[in-house]
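**Q** Quick one: the structure is below, and I'll ask about it shortly.
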Amino acid sequence: MKTPVQLRQIRKSRQRFKLVNMSKGRCRLLVHRSNNHIYAQILDESGNSTVMSVSTLSKNVRGAIKNGGNKAAAAHVGKEIALMAKKRGISTVVFDRSGFLYHGRVKILADSARENGLDF
C-alpha cells in the first residue's frame, strides 16, 4: 500500500512529463500547498530558474490575510502572482499543480489567477 505522499509523487511525475512536452516555450506556474500555507511561482521556459514567486509568507500578502491555509488566502496569492506576471509581460503560462488534486485551494488559486489576467 502506497502512502498519500508516494501517490502524490507519482501524480506529480506523470503530470510533469506531460507539461514539459506541451509547454513549447511558455513559462510554468507551479503551485505547492501545505497545511498552513500556499506557494505559487513562475518558472522560465527551461524550468531552471524562478522568475517570480508569491506565497502566504510574502510581506505584501501576509498583511492582507488572516490565515495562510484557507481559500481566501489562496485567492489572494493567485491575484498577486497574476498581477506580478502582468507587470513582467507574462500573459500565458502552463499550470503545474505538482501532483495536488485540482480542487479546493489549488482550484481557487488557478481561478483567481485567470480572473486577473493570466491565460492557461
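The values are calculated or read from the model by the stated rules, or taken from the named source; none is laboratory data. Not measured: the values here are computed from a predicted model. Positions of Cβ are backbone-derived with ideal geometry, glycine not excepted, and every protein chain shown enters the neighbour counts.
**Q** Modelled with pLDDT of 95 or more, touching a strand residue (DSSP E or B) at 6+ places or on another chain (Cβ under 7 Å) and either of a type in the set (K, R) or farther than 19 Å from I38 by Cα (or both): which single residue out of R105, R114 fits that description?
**A** Just a single option satisfies the conditions, and that option is R105.
**Q** Of all residues in segment 76-111 being among the basic types (K, R) and in contact (Cβ under 8 Å) with a residue 24 or more places away in the chain, which is farthest from K59 (Cα to Cα)?
**A** Once the filter is applied, the top-ranked residue is R97.
**Q** Sort out which residues of segment 1-50 are crowded, with 16+ Cβ neighbours inside 10 Å and aliphatic (A, V, I, L, M), and write them in order of number.
**A** L19, L29, L30, V31, I38, A40, I42, L43, listed by residue number.
**Q** Just to be sure, is A72 without any contact (Cβ under 8 Å) to a residue 24 or more places away in the chain and either small (G, A, S) or in contact with a Leu (Cβ under 8 Å, 6 or more places away or on another chain) (or both)?
**A** Considered against the rule, which asks whether it is without any contact (Cβ under 8 Å) to a residue 24 or more places away in the chain and either small (G, A, S) or in contact with a Leu (Cβ under 8 Å, 6 or more places away or on another chain) (or both), A72 comes out as yes.
**Q** Still on this structure, I have one more. Where residues in segment 2-35 are part of a helix (DSSP H, G or I) and β-branched (V, I, T), which of them is nearest to D96 (Cα to Cα)?
**A** By that ranking, first place goes to V20.
**Q** Can you tell me which residue in segment 19-64 is farthest from R114 (Cα to Cα), limited to those that are touching a residue at least 40 places away in the same chain (Cβ under 8 Å) and basic (K, R)?
**A** R33
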